[in-house]
Amino acid sequence: MPQTEMTCHSPATEQAPDGATRIALIGSPNGGKTSIFNQLTGLHAKTGNYPGVTVSRSEGVARIHDHTFAIEDLPGTYSLSPISPDEQVVVDVLDGRMDQVSAPDALVVVADATALRRSLLLLAEVLPRHLPTAVVVTMTDELRRRQGSLDVTALSQALGVPVVAVVANRGIGIGELRNLLTTWHDWGRPPLDPPSRSSELAGWVDSVLDTAGYEDPDPDSRTERIDKVLLHPVWGTIVFFAVMFLFFQALFAWAAPLQDAVEGFFDWLASLVGEHVGNPILASLLGDGILGGVGAVLTFVPQILLMYLLLALLDAVGYMSRAAFLMDKVMSRAGLEGRAFVAMLSSFACAIPGIMATRTIPSAKDRIATMLSAPLATCSARLPVYVLLVGILVPAGSSLGPVSVRGLVLFGMYLLGALSAMLAARVVKKITDRSGTLLPFYMEMPPYRIPTPRSVGMAMWEPTKAFLRKAGTIIMGATIVIWALTTFPLRSDAEMTAAGVDPSDEVAATAYNMEHSAAAKVGKAIEPVFAPQGFDWRVNISLIGSMAAREVAVSTLGQVASASDPEDDVSVSESVQKWTYTDGPHQGEKVFTPDTTIAMLIFFAFALQCVATIGILKRESGGWKWPAIAFGYMFVLAWVGSSLAAIITRVVM
């Protein structure tokens, strides 16, 4: 079955063929809809053990026997009376008002067995639409574990619609559900309309539950015991920062051996190119351009994998909702509600899903404030840049007792991103909404769950695969362009000789040619702009390239290092530390001194260097006004912040 995979830039989707039966999955947040969607379609839409993961409509194809279905995964909602954009999507799809999307032929209401009463309230709003409807009851294993009970057959009879029980994350009951879908014509239309008055509706729900032999599950004592610590205003905050601290310590300590192995592999490939490719231009393209550039980025794949593994584990066990609860008070001081933290949290993987997650925020002004601040959260694209620069700044093996100094600095950079995002949100909120009114924040605390290897594996692999695809497309394309700009126009032997450079000296000739290339002219032209930071033309080239994707900065430094120091079998970090200014008042002095390195860290922490993020800002805000403001204020913040950082470092050191 053909699949279209989800990246951080797009939801999981596969276009259904014309004539396919359209089935919409509807249910409350964190009820298991997306897990069912993935099981039916074979796609890998993001799932999570916290509400608000699905914020846009996803579509996939399920081929069952001779039937073809277009399965739609709708955002979670408690009601068909929308108060936020993601909930409005649900109503628009059901009413057939979504552009280029037909109304569904049938509905599958996903009901959480541990909170069936609430799910029936949503079902009561769905049934009057008189579409063929079925109910899928999820989390029946959790219901039994907590001494609850439910007669699925009796529930079906009470509702007058087909009902099937599944445990979605383990695939239990999915076969029965697939067979049920093939009989959708026989579901008929719901034979009853629940009462519309709230006073009568409660009685109807009680009657259905009594008929179905439903026994409410016991309180989850295990979850309650853990939450007494994790949700405590003091102990919970201590645990939160301890978890984050260990997270970044692990990124350096655990990934280092694999990173060295990947780096050695690309060094070996580059040496093979040098030995067996006779054409010097082609050898330079393959060895210095592609392997030196893209290879420099791919050496950080172990850190990317490990980061997503740890995030997937925290997500799957149910810790993310607790983190949002703890941060609600912090977010309120920034003038935002706790739902904004979910968007910020998503932005630590990629700003794009973070910006899309603002759809769950009811207030338009809060959405704008969160969208403009979310790109400051440290996304995975910044990680390779940070790891490279921290490796330059802090000697290997530096520690404070058992604590890695490199991990400590990396933790500080992520903390800087979070704090600056909240401060920016507060400023924007003050400007756009002087009332300071906050809507109440409600978030359901899901039970703690043991992660399944499949769900954790997919949560780790899918974004890593997107990173690899990005390396093979955007980053490689940008790398080839930058290689051409740093290579051409080629200088003649006569010109080099006249300049006192021996054309037979490969290192000297390459360095001379690069310094007089088209890219060098651009890099030198903007040197006055970045003089306070101490950036030379090579660093400036990496800043320009990083507009396509932040990781291009690493690939640019890698290919320049590879080309200018071809005989040195050293890492990019070790190579760039030997760079000296080639002209100007600091000629002959080191480029990557502590002040310049710290300035570059600060610049990347604040600058909006992602075309895709600018594009999604335009789409979500409805125009170019807010993306232009975001790019402008973040560039000013980056330039001023990096300038001050460099100046202060020079004074202190």
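Read-outs: derived from the displayed coordinates by stated rules, not from any lab. In this text the structure is predicted, and so the values were computed from the model without any measurement. Every residue, glycine as well, gets a Cβ built from its backbone with ideal geometry; the counts of neighbours run over all protein chains shown.
Bridging of Lys33 to aspartates and glutamates at a Cα separation below 13 Å is possible for Glu59, Glu72, Asp73, Asp112, once same-chain residues fewer than 8 apart are set aside. Under the combined filter of DSSP loop state and at most 15 neighbouring Cβ atoms within 10 Å, the stretch 581-647 retains none of its trypsin sites (Lys or Arg not before Pro). With a ≥ b ≥ c the root eigenvalues of the C-alpha gyration tensor of the chain, is it rounded (a/c under 1.5), prolate (a/b larger than b/c) or oblate? Prolate, since a/c reaches 1.5 and a/b exceeds b/c. With a ≥ b ≥ c taken as the square roots of the eigenvalues of the C-alpha gyration tensor of the stretch 21-218, please select rounded if a/c is under 1.5 and otherwise prolate if a/b is larger than b/c or oblate if it is not? It is rounded, given that a/c, with a ≥ b ≥ c, falls under 1.5. Sorted fewest first by neighbouring Cβ atoms within 10 angstrom, Asp141, Asp86 come out as Asp141, Asp86. Between the listed residues Gln587, Pro627, Asn179, the Cα displaced farthest toward the positive end of the dipole of the chain, a dipole computed from Cβ unit charges relative to the Cα centre, is found at Pro627. Only Lys, Arg, Asp and Glu carry charge here, each on its Cβ (+1 for the first two, -1 for the last two); on that basis the stretch 42-199 has a dipole of about 480 debye about its Cα centre. Placing unit charges on the Cβ atoms only, positive for Lys and Arg and negative for Asp and Glu, gives the stretch 468-590 a dipole magnitude near 760 debye about its Cα centre. Can you compute the FRET efficiency between Trp235 and Thr211 using 1/(1 + (r/R0)^6), with r the Cβ-Cβ distance and R0 = 51 Å? Round to the nearest 0.05. So, using R0 = 51 Å, E works out to roughly 0.70.
Mean residue ellipticity at 222 nm, helices only, the chain: -17000 deg cm²/dmol; runs of at least 4 DSSP H residues each add -39,500 (n - 2.57), and the sum is divided by the number of residues.
Taking a ≥ b ≥ c as the square roots of the Cα gyration tensor eigenvalues, the stretch 542-601 comes out oblate, since a/c reaches at least 1.5 and a/b does not exceed b/c. Of all DSSP-defined beta bridges confined to the stretch 21-218, some 30% are antiparallel rather than parallel. Each Lys or Arg adds one and each Asp or Glu takes one away; over the other residues whose Cβ falls under 12 Å from the Cβ of Gly545, this sums to +1. May I ask what percent, to the nearest 5, of DSSP beta bridges between residues of the chain are antiparallel? Just about 40 percent of them are antiparallel.
The charge dipole of the chain, taken about its Cα centre with unit charges on the Cβ of Lys, Arg, Asp and Glu (plus for the first two, minus for the last two), comes to roughly 1740 debye. Counting only residues at least eight positions apart within a chain, or on another chain, the lysines with an alpha carbon under 21 Å from that of Lys465 are Lys46.
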